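This report concerns only the one structure given below.
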Amino acid sequence: RIVLWLSRTLRSTRSLCRAGFMEGQPQGPPNPAGMENGTGPCGEERASEAQETTVTEGAAKIAFPSANQVFYNPVQEFNRDLTCAVITEFARIQLGAKGIQIKVPGEKDVQKVVVDLSEQEEEKAELKEGAPLAPGDQPRTAGVGEICEEGLRVLEGLAASGLRSIRFAREVPGLQSVVANDASARAVDLMCRNVQLNGVAHLVHPRQADARTLMYQHQKASERFDVIDLDPYGSPAPFLDAAVQAVSEGGLLCVTCTDMAVLAGNSGETCYSKYGAMALKSRACHEMALRIVLHSLDLRANCYQRFVVPLLSVSADFYVRVFVRVFTGQAKVKASASKQALVFQCVGCGTFHLQRLGKAAGASGGRVKFSAACGPPVSPECEHCGQRHQLGGPLWAEPIHDLDFVGRVLEAVSTNPSRFHTSPRIQGVLSVITEVAHTGADQRWLWGPARHPWPPLVPRSALLHAGFRVSLSHACKNAVKTDAPSSALWDIMRCWEKECPVKRERLSEASPAFRILSVEPRLQANFTVRDDANPSSRQRGLKRFQANPEANWGPRPRARPGGKAAGDAMEERRKLHQNKRKEPPDDPVQRAARLKTFPCKRFKEGTCQRGDQCCYAHGPPAPEDATAAAFPDLPETSSQNPPGSGIATGPGVD
């Protein structure tokens, strides 16, 4: 009763105050800008236009809050462009089987084939000229921005501002609906405004729900999605189990992983807890990351008698992106064990060997017999340098690309380069992938054990002369992918060292380089440069890697409650921690003052025993004069926020 009485009292007080305020205001027509920035259809109060920024990407225009940069990252434009290109070709395949032809803006219409008709057929054709075509005889087409009743049902599980979903609706033909989902009410309200801004409310349907719950609710075959796109902040591991169940038979699953530190081997136990595989630190870490993600997808799909077929796997910038199709079949699921492999990697020279988990062999009557594989493929010590082996995996040991599908996407992008802003890079990456696909599934990365440089065409020419296949890698410009065994690679290295010798006295006798170079090569390498050693993608100078578009262009920080960001305070903090581990100037006074600006982690934990002799700070943050002494080149900043700056202060805010 007391609560009801207080609420009624406060409500009446607000009404009286509002009425008193309105009496002193001039009466006039309503402000359309104010109505536009009022409460939206999603029920959340909208921010003012002064606090938002409008960005145009592709055919979409979105408004996102300037206070939270996590809603838009311009570096991910390549990711979104590539996804639109892949889904377009997937729609062309799926709808083509139903007799529906898609129309892509900028593509030339397919020319009709002219066939010579006989006299009787000409007469029949003349009789039918004046007759109208039957509804079933009319060619069916699907364009961009139109609802196709037999088209694809797309789900973007973590949509944020809705940019990706809006681009699907405005750039990909043959869609029935696009569900843009996000768990944040503020993000859903932003999606509603962006959908209305782009005029795609008939195709894009914003939803507020947990992505896992939404996908679990669509496990029924008739309610599954044809395309599911997952681009989370960090690892997509929590969403994979629901995704492999919610995608339709033969549907497309697009997954992005930005936790490259985990997938690249910095934390193998964390990688196992998320993806079910141990990641190893190696020069092939990006390739291993792609294969670990594919293994995790196939492992989760096998629990429901389903399996994955990779279409395209890309490592770009600070993330990996995989496109797979999901099918159902108990017989095919039995072969999944033979598609996975463990990795034995030498800790000295980095040579690795694959150990399949299962074995598939042909039997009588055209049957396939599955059994356990035999191993291990290595001895306790490395045959090349004598060091021990590390065990990693399991990971996907089959090809990670579908050559035919990649060729279709490459042809579509090459014939219509004005469709995407990052078309040159898409052409470069896909061209290298098509060259890699001819070299087989195994991969070896060449490098000098004694850090001895050599021209880029020399190792590729030597491998070609030896009868092996070789190509570049889209993940690293200095990498070489080949089907040559490790013994042949080290023999080529030994032959090159004989022509360009290194200083053996600088090498330790226990080092891997000394042991490898002390063995005489069995293979006599030919280093004559061949024309086919320089692939066409390199000859044409195709773009494969991202040029730094701006400072701090990596992954954006995680969204904060309320969408507030630290603003200038975050930038100052980044400058403070930049080059923290590098040597400061030679002046010991400046070095000591610089270290005193950083808090001591052991002191916070209560384990620091150095006291005043510790080089780090044990108290509150250093005052401004100490920071200025340590960084004389930094501009002076005030500790007080200016009026109207919008930067939150108080406990819990950096």
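Hey, which of these cross-link pairs are over 26 Å Cα-Cα: Lys281/Lys339; Lys274/Lys604; Lys274/Lys339; Lys477/Lys503?
Lys274/Lys604; Lys477/Lys503
Applying a 10 Å radius around every beta-carbon, put 170-182, 249-261, 194-206 in order of their mean neighbour count, most first.
Descending mean neighbour count gives 170-182, 249-261, 194-206.
Say the cut-off is 19 Å between C-alpha atoms; which of Lys61/Lys103; Lys61/Lys543; Lys103/Lys220; Lys108/Lys543; Lys332/Lys359 go over it?
Check vs 19 Å cut-off fails for Lys61/Lys103; Lys61/Lys543; Lys103/Lys220; Lys108/Lys543.
Express in nm, to one decimal, how much length is gained between Glu499 and Lys98 on full extension, taking 0.36 nm for each residue of separation and deducting their alpha carbon distance.
Answer, rounded to one decimal: 138.2 nm.
So for Asp226, Asp298, what's the accessible-area order with a 1.4 Å probe, most first?
Highest to lowest solvent-accessible surface, that is Asp226, Asp298.
If each residue of separation counts as 0.36 nm, what is the full-extension length gain between Lys220 and Ala360 once their alpha-carbon separation is subtracted?
47.2 nm is the gain from fully extending Lys220 to Ala360.
Using DSSP to define loop residues, name the GluC sites (Glu not before Pro) in region 364-443 whose beta-carbon has at most 16 other beta-carbon atoms within 10 Å.
Taking region 364-443 and a limit of 16 other Cβ atoms within 10 Å, the loop GluC sites (Glu not before Pro) found are Glu381, Glu383.
Across 5 Å bins from the origin, how do the percents of Cα pairs in region 409-540 run, short distances first?
Taking every Cα pair in region 409-540, the percentages come to 2, 10, 19, 19, 16, 12, 9, 6, 4, 2, 2, 0.
Excluding ligands, DNA and RNA, what is the solvent-accessible area per residue of region 409-540 at a probe of 1.4 Å, expressed in Å²?
Heavy-atom SASA per residue in region 409-540 reads 49 Å².
Can you tell me, using C-alpha contacts under 8 Å and at least 6 residues apart, the relative contact order of region 409-540 as a whole percent?
28 percent
The values are calculated or read from the model by the stated rules, or taken from the named source; none is laboratory data. Source: prediction; values computed, not measured. All Cβ positions, glycine included, derive from the backbone under ideal geometry; neighbour counts span all protein chains shown. Calculation scope for accessible area: heavy atoms of the full protein, side chains included, ligands and nucleic acids excluded. Shrake-Rupley method; radii C 1.70, N 1.55, O 1.52, S 1.80 Å.
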